[in-house]
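S.K.: I am attaching a structure below and will ask some questions about it afterwards.
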């Protein structure tokens, strides 16, 4: 079976050149050097392909943010890391963001909305974790307000790089927003947003079950042609049963996966699962 990765990467190139609506399945298959039948073994339609590309970008975005935050050693730099990872990724992929922003895809609007909600829960979790760690003195009834402020900053400032040619100094922007948030955390006293706005008041990392992770690993393996990554996935699958591999070996296998953009989400999910297992011991 032709790997989904090739089709998705090729389609994205053509979308950038011609636009989404103007790109046909035949153009995609011709550039891939495959038949339409091979295409339909991976995707049932062009809409499904478009959705897969969008979901891929969203999942990679969330995984990279969380990894950047968890790798930050200094507590007072957590929020800066969150903003910097968010904005640098957005800036890097702004060209592709413009492609999808220019064209409305009615058939996919509902599916995209549901996917955005799912990954938004992960972002909420990351933000509340930062608040609780970096601003432990914050009153409980102000947590949601501060989280909403952080989400607002992270949503609207990146639009400058998409909707205008306004020059952005990422380091300065992130330091500025981190400072503004810290001022609010220290001095705000009147709550408005309640935690009922968010899906839950006590958020925790949304770790997958062993079965869900195993299915995700196998699905990813089927979509990838790289031999090293496929072998790494096989070893990680085997390790799910007993968790006997040394941590350094697991990290090495996960780094193999992280070299491929299409595998970053499954690597992130494996990290969450491993952390959850350690806490349960």
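S.K.: Full extension from residue 139 to residue 192: what is 0.36 nm times the residue separation minus their Cα-Cα distance, to one decimal in nm?
M.R.: Values: separation 53, 0.36 × 53 = 19.08 nm, distance 1.28 nm.
Full extension from residue 139 to residue 192 adds 17.8 nm.
S.K.: Okay, moving on. What number do you get for the range 1-99 when its Cα radius of gyration is normalised by 2.2 N^0.38 Å, N = residues? Present the calculation step by step, with values, prior to reporting the outcome.
M.R.: Numbers: Rg = 16.9 Å, N = 99, 2.2 N^0.38 = 12.6 Å.
Cα-based Rg divided by the globular estimate yields 1.34.
S.K.: Mean residue ellipticity at 222 nm from the helices of the chain, using -39,500 (n - 2.57) per DSSP H segment of n ≥ 4 over the full residue count, to the nearest 500 deg cm²/dmol? Could you put the intermediate results ahead of the total?
M.R.: Values: 14 runs with 200 residues, N = 281.
It comes out at -23000 deg cm²/dmol, rounded to the nearest 500.
S.K.: Quickly rank 223-231, 84-92 as a protection proxy: mean count of other C-beta atoms within 10 Å, highest first. Walk me through the numbers on the way to the answer.
M.R.: Numbers: 223-231: 15.1, 84-92: 19.2.
Ranked by mean Cβ neighbours within 10 Å, highest first: 84-92, 223-231.
S.K.: Among 259-270, 68-79, how do they line up by average Cβ neighbours within 10 Å per residue, starting with the highest? Intermediate values should be presented prior to the final figure.
M.R.: Working: 259-270: 20.9, 68-79: 15.8.
Ranked from most to least packed, the peptides come out as 259-270, 68-79.
S.K.: Nearest 10 degrees is fine. How inclined is helix 264-280 to the longest principal axis of the chain, computing both from alpha carbons?
M.R.: 50
S.K.: Also: Roughly what angle does helix 210-223 make with the longest principal axis of the chain, taking Cα atoms, 0 to 90 degrees, to the nearest 10?
M.R.: Helix 210-223 sits roughly 40 degrees off the main axis of the chain.
S.K.: Give me P(r) over the chain, computed from all C-alpha to C-alpha distances, binned every 5 Å, as integer percentages.
M.R.: The calculated distribution, bin by bin, is 1, 5, 11, 14, 16, 16, 14, 11, 7, 4, 1, 0, 0.
S.K.: Working out 0.36 nm times the residue gap between residue 279 and residue 209, then minus their Cα-Cα distance, what length gain in nm do you get to one decimal? Provide the component values of the computation, followed by the final result.
M.R.: Values: separation 70, 0.36 × 70 = 25.20 nm, distance 1.43 nm.
Contour length minus the Cα-Cα distance gives 23.8 nm.
S.K.: Moving to a separate point now. Taking the 0 to 90 degree range and rounding to the nearest ten, how far is the long axis of helix 143-156 tilted relative to the main principal axis of the chain, both from C-alpha atoms?
M.R.: Long axis of 143-156 versus the principal axis of the chain: about 50 degrees.
S.K.: Rg (Å, one decimal) plus Dmax (Å, integer) for the alpha carbons of the range 210-275?
M.R.: 10.4, 28
No lab work stands behind these numbers, since they all come straight from the coordinates. This structure is a prediction, so every number in the text was calculated from the model and none was measured. Glycine gets a Cβ as well: all are built from the backbone with ideal geometry, and neighbour counts include every protein chain shown.
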